[in-house]
């Protein structure tokens, strides 16, 4: 839609108008927003097409889609026609005699960024209104005041953006258990699957009769194992290493065998795109009866798998043979990362016979993956970042945080998965790739300017990997490696999915894709279908799968960002509730932003909460003692004041 509308602003020939867009063109002609010339269509100069942004006071700003216009156009709140942030609209210029900023009014909403909004009820001027949780702007709910007064103040509602009707009552703002529903509803996500999807999933059964799959390679005799987080419910990858032949097997759950294209599960999975992970639960991409059952590589159960068998050169460790197999495996043990870390430290006292058999290949594999990692990091980067894990009580209140760092077991699995992902990317010239562009000059210059504030002086060079590694060396000496690595990551572009290979800057790979998590990512499921068509020589099916691949890549990239935002929104809600209970208390923090606002991250018993500091003249990465002044549960803002510097 965006690309088409952008082209329309410059003009399109009749032959360039897709059939699906002809009704829209006809409607825009009736509105006089589009002019029909002899053999082309062009946007009337008095009209603009763009996306809406909103300020805190409700004023709108139109960002034109046309690349020729860079300045936003002001739209008064009374002229928004109900448009919300992110909506694509047609606006008509409003001309005034006075030489003021360009203005416009919305005449048509072409595409909603969100179908729904989340509001909580509040009294304003003796009326019950809804306060939009995302924008803080008031909204007139399509319901009688009498019925609204039956609800307690602070009731959280899901609202239809077209009609302002109440779609669902989510709970009350004061209840911590409503946070999960708010975070999902803001981005129009849901946990429950439709009845058709659930029936389709359960119809697949819970066990595999390998005698029915005579065309598959039987690998059930190999001692595969899975290594996952301790609380994992689904296991989509298993590994085995034939140390005599230097061959690594990476077995991935064969989800495409059970999720039929255009079936009920597939349609829901495509709309979800990714599993979402909260501290206390997951919102899966696939029904649990599928993802945690027949698709999951459970121990001592035969399972269908899509397997890469990668043979390495013992000296160079470069792949000399990469085979993709329709297989059947039987994982012999389910491990968590902590267990494997103990084994890698030679703590073998608790090992049983199965462990001993697996460790015969796992310990040599660990040595191989360490060397693979060293080779990879010559061109790629190692960012020393950590992940915050929250622990919630039974009422879903935050009680503690834990910093989860990458351990040897994580690194072992990562290198195996990277090998498989790289091998998969080599098999297709067009399909679905995981791409990551070089950072822009402006972003890198901003990075260098910020680093100079903390005493890291590095000259710009076109050899970006070399420059970044020089930055990391200097950060190590100042003992601020994690903080600097976060700045480096922030300066880079977002990785995304594209149908053409353009390499992966961060990993230092010429070609890369996602193959190893089809239970959690629709991108991997899509790739599996393409690869199956390829290895079976079915060019007709392969080309059919490519017909809408660009649209799928764009959609999955968007859904990935949304899935991350849902999880971050939930964590911010937990942090803010915790802070509201600690107004007036002092905590240690570290300053992480000094550009527009003074921002700090909590670094005490509770870690990671973002604080807006009511102070000036602070230095980047300065450690401070702060007092929490206010915590607004609706806007997710925690305000604090520095009581001591350089703690």
Restricting to the stretch 158-174, name every residue that is under 26 Å from residue 631 (Cβ atoms) and not in a loop (DSSP other than H, G, I, E, B). 158, 159, 169, 170, 171, 172
Where residue 545 falls short, out of the listed (1) touching a helix residue (DSSP H, G or I) at 6+ places or on another chain (Cβ under 7 Å); (2) without any contact (Cβ under 8 Å) to a residue 12 or more places away in the chain: (2)
Note on residue 96: of the conditions (1) surrounded by 13 or more Cβ atoms within 10 Å (Cβ to Cβ); (2) over 34 Å from the mean Cα position of the chain (by Cα), unmet is (1)
Does the stretch 508-518 include one or more residues that are in contact with a helix residue (DSSP H, G or I) (Cβ under 7 Å, 6 or more places away or on another chain) and more than 22 Å from residue 376 (Cβ to Cβ)? yes
With the condition kept exactly as written, say whether any residue in the stretch 317-334 is touching a residue at least 24 places away in the same chain (Cβ under 8 Å), at positive phi and in the same structural domain as residue 519 (by TED's automatic domain parsing). yes
Just one listed residue, out of 317, 344, 312, is over 29 Å from the mean Cα position of the chain (by Cα), surrounded by fewer than 19 Cβ atoms within 10 Å (Cβ to Cβ) and at pLDDT 95 or above, and it is 317
Does the stretch 347-366 hold any residues that are without any contact (Cβ under 8 Å) to a residue 60 or more places away in the chain and surrounded by 15 or more Cβ atoms within 10 Å (Cβ to Cβ), and which are they? 351, 355, 359, 363, 366
For the stretch 239-252, check the following and say yes or no: at least one residue is assigned by TED's automatic domain parsing to the domain that holds residue 531, touching a helix residue (DSSP H, G or I) at 6+ places or on another chain (Cβ under 9 Å) and in a helix (DSSP H, G or I). no
Qualifying positions in the stretch 38-72 - part of a loop (DSSP other than H, G, I, E, B) and within 15 Å of residue 91 (Cα to Cα): 44, 45, 46, 59, 65, 66, 69, 71, 72
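Condition first: in contact with a helix residue (DSSP H, G or I) (Cβ under 9 Å, 6 or more places away or on another chain) and under 20 Å from residue 48 (Cβ atoms). Now tell me which residues in the stretch 7-16 satisfy that.
Pass one, the stretch 7-16, residues in contact with a helix residue (DSSP H, G or I) (Cβ under 9 Å, 6 or more places away or on another chain): 7-8, 12, 16.
Once the filter is applied, which keeps residues that are in contact with a helix residue (DSSP H, G or I) (Cβ under 9 Å, 6 or more places away or on another chain) and under 20 Å from residue 48 (Cβ atoms), the stretch 7-16 yields 7, 8, 12.
One line per residue, one yes/no per condition, for (1) buried (at least 20 other Cβ atoms within 10 Å of the Cβ); (2) outside the structural domain of residue 608 (by TED's automatic domain parsing); (3) under 23 Å from the mean Cα position of the chain (by Cα); (4) in contact (Cβ under 8 Å) with a residue 24 or more places away in the chain:
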residue: 371; (1), (2), (3), (4): no, yes, no, yes
residue: 374; (1), (2), (3), (4): no, yes, no, no
residue: 378; (1), (2), (3), (4): no, yes, no, yes
residue: 390; (1), (2), (3), (4): yes, yes, yes, yes
residue: 394; (1), (2), (3), (4): no, yes, no, no
residue: 417; (1), (2), (3), (4): no, yes, yes, yes
residue: 423; (1), (2), (3), (4): yes, yes, no, yes
residue: 429; (1), (2), (3), (4): no, yes, no, yes
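Would you confirm whether any residue within the stretch 268-275 is assigned to a strand (DSSP E or B), at pLDDT 95 or above and either crowded, with 21+ Cβ neighbours inside 10 Å or not assigned by TED's automatic domain parsing to the domain that holds residue 561 (or both)? Full working, then the answer.
Of the residues in the stretch 268-275, the ones assigned to a strand (DSSP E or B) are 274.
Add one more test, that the residue is at pLDDT 95 or above, and what stays is 274.
In the following step, the residues that additionally are either crowded, with 21+ Cβ neighbours inside 10 Å or not assigned by TED's automatic domain parsing to the domain that holds residue 561 (or both) were identified as 274.
Scanning the stretch 268-275, I find at least one residue that is assigned to a strand (DSSP E or B), at pLDDT 95 or above and either crowded, with 21+ Cβ neighbours inside 10 Å or not assigned by TED's automatic domain parsing to the domain that holds residue 561 (or both), so the answer is yes.
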Across the stretch 207-231, what is the number of residues that are touching a helix residue (DSSP H, G or I) at 6+ places or on another chain (Cβ under 9 Å) and surrounded by 13 or more Cβ atoms within 10 Å (Cβ to Cβ)? 10
Please work out which residue is surrounded by the fewest Cβ atoms within 10 Å (Cβ to Cβ), limiting yourself to the stretch 490-539 and to residues that are over 15 Å from the mean Cα position of the chain (by Cα) and part of a strand (DSSP E or B). 500
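Across the stretch 470-488, what is the total count of residues that are surrounded by 14 or more Cβ atoms within 10 Å (Cβ to Cβ) and in a helix (DSSP H, G or I)? Step through it out loud before you land on a result.
In the first step, residues of the stretch 470-488 are kept if they are surrounded by 14 or more Cβ atoms within 10 Å (Cβ to Cβ); the result is 470-472, 474-475, 480-488.
Restricting the remaining residues to those that are in a helix (DSSP H, G or I) gives 470-472, 474-475, 481-488.
Residues meeting the conditions: 13.
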Scan the stretch 10-36 residue by residue and report those that are within 22 Å of residue 68 (Cα to Cα), free of Cβ contacts under 8 Å to residues at least 12 places away in the same chain and either out of contact with any strand residue (DSSP E or B) (no Cβ under 7 Å at 6 or more places or on another chain) or not assigned by TED's automatic domain parsing to the domain that holds residue 89 (or both). 16, 36
Kindly provide the set of residues from the stretch 181-197 that are closer than 19 Å to residue 287 by Cα, touching a helix residue (DSSP H, G or I) at 6+ places or on another chain (Cβ under 7 Å) and not in a loop (DSSP other than H, G, I, E, B), ordered by number. 184, 196, 197
Can you tell me which condition residue 102 does not meet? The list is (1) at pLDDT 90 or above; (2) surrounded by 15 or more Cβ atoms within 10 Å (Cβ to Cβ); (3) not assigned by TED's automatic domain parsing to the domain that holds residue 170, and all the others hold. (1)
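The values are calculated or read from the model by the stated rules, or taken from the named source; none is laboratory data. Quantities reported herein were computed from a predicted structural model and do not represent experimental measurements. Cβ sites come from the backbone with ideal geometry, for glycine too, and all protein chains shown count toward neighbours.
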